[in-house]
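Since the structure comes first, as structure tokens, the remarks are kept for the end.
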Amino acid sequence: MPAPSVAAAVCVEFALILGGLILLWRLVFDPAAPRSPPQLTAWTIPTTEFVRFLLAVVCCTLVASTVGELLLKLRPLAGPPKIIFLTGCSQAGMLAGIAIFKLTIERLTLSGAGLRASDFVSGAVTFLISLPIMVIISLPWRGLLKLCGFDLGKQDLVDMFANARSPLLLTVMIVLATVTAPLVEELVFRAGFFRYFRTRVPRWAALLGPACLFGALHQNLASFAPLVGLGIVFSLAYERTGRIGTAIVAHSLFNLYAVAQVFAGIS
């Protein structure tokens, strides 16, 4: 018999997935659902400026990671603290690259920048819709990997959350997972890659390409296909609302949900 806390967590998970299925039907598949044109405007920058965007993000990430490694020589860390520290440095570098690009190269307002109350609503709806989609993709994907003999190990961060004992380290990990990572990854993959390519290549390629990069970033084969699906859902939500805040909130809620699963013992 599962512990009462685990049983309660499973019930909550089932309720969230059921709610997502209802929303998926009502908003996407129901013939009577209202249809509105995409609100995301085209990103009309030239290719040279997009390359500068990529260079700014990559170079700042490398610089921040190098600085982090140098700091570790002054005060060495090992195990999870070292990984978390370097992850934070990389994310800070990516944010710095985006900021430098916006302030020095493209002095234009980011489409749907800032957070509004409506972003929390649309983000929550997007998060709920993503849950049944993730389940639908994950089950056959994991079955295929098992059939092919692949190891379905957990992501390193999942193990670190499960085994974290320091309250400070745990707090930093939660902030990185639910605040920094969603902000950085949505600005790069959705507001960057997807927004640029959606008007320049076939739509399926604009959706699939950034989503595959997003899935590969997490370096875990078992979660690759589900994360590709998640990336596509976030891109569609961003396209439909024109608000990057929608994708950021949905991503943050999903990561918070994943962390809660680890703590509840069902992940």
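The values are calculated or read from the model by the stated rules, or taken from the named source; none is laboratory data. Predicted model, so just to flag it, every value in this text is computed and none were measured. Cβ: placed from backbone, ideal geometry, glycine included. Neighbour counts: every protein chain shown.
Selection of region 218-249 for residues being under 30 Å from Gly143 (Cβ atoms), modelled with pLDDT of 95 or more and touching a Leu at 6+ places or on another chain (Cβ under 6 Å) yields Ile232, Ser235.
Across region 44-91, the qualifying residues are those that are of a type in the set (Ser, Thr, Tyr) and under 16 Å from Val188 (Cβ atoms), and the one among them that is surrounded by the fewest Cβ atoms within 10 Å (Cβ to Cβ) is Ser65. Only residues that are within 12 Å of the chain's Cα centre (by Cα) and β-branched (Val, Ile, Thr): list them for region 247-267, please. The answer is Ile248, Val249. Going through (1) under 10 Å from the mean Cα position of the chain (by Cα); (2) surrounded by 21 or more Cβ atoms within 10 Å (Cβ to Cβ) one by one, Tyr196 falls short only on (1).
Give Ala260, Ala211, Ala216 a once-over and let me know the one that is assigned to a helix (DSSP H, G or I) and buried (at least 19 other Cβ atoms within 10 Å of the Cβ). Testing whether each residue is assigned to a helix (DSSP H, G or I) and buried (at least 19 other Cβ atoms within 10 Å of the Cβ) leaves just Ala211. Of all residues in region 137-177, those satisfying the criterion of being modelled with pLDDT of 80 or more, surrounded by 15 or more Cβ atoms within 10 Å (Cβ to Cβ) and aliphatic (A, V, I, L, M) are Ile137, Leu145, Leu169, Leu170, Val172, Met173, Ile174, Leu176, Ala177. Filtering region 221-255 to residues that are surrounded by fewer than 18 Cβ atoms within 10 Å (Cβ to Cβ) and part of a loop (DSSP other than H, G, I, E, B) leaves only Gly242. Criterion applied to Val233, Val175, Val262, Val249 was being over 19 Å from Phe120 (Cα atoms) and of a type in the set (Val, Ile, Thr), and the one residue passing it is Val262. Of everything listed in (1) surrounded by 13 or more Cβ atoms within 10 Å (Cβ to Cβ); (2) modelled with pLDDT of 90 or more, the single unmet condition for Gly112 is (2). Of Gly93, Gly79, Gly88, all but one fail to be closer than 19 Å to Ala177 by Cβ and in contact with a Cys (Cβ under 9 Å, 6 or more places away or on another chain); the exception is Gly93. For region 1-18, filtering for residues that are under 21 Å from the mean Cα position of the chain (by Cα) and at pLDDT 95 or above leaves 2. Given the criteria in contact with a Leu (Cβ under 8 Å, 6 or more places away or on another chain) and small (Gly, Ala, Ser), does Gly215 qualify? Taking the combined requirement at face value, the residue satisfies it.
Could you tell me whether Ser267 is outside any helix (DSSP H, G or I), modelled with pLDDT under 95 and either touching a strand residue (DSSP E or B) at 6+ places or on another chain (Cβ under 6 Å) or not acidic (Asp, Glu) (or both)? Yes: the conditions hold for Ser267. Per the conditions (1) out of contact with any His (no Cβ under 6 Å at 6 or more places or on another chain); (2) touching a residue at least 24 places away in the same chain (Cβ under 8 Å); (3) under 25 Å from Ile45 (Cβ atoms), the sole criterion not satisfied by Pro182 is (1).
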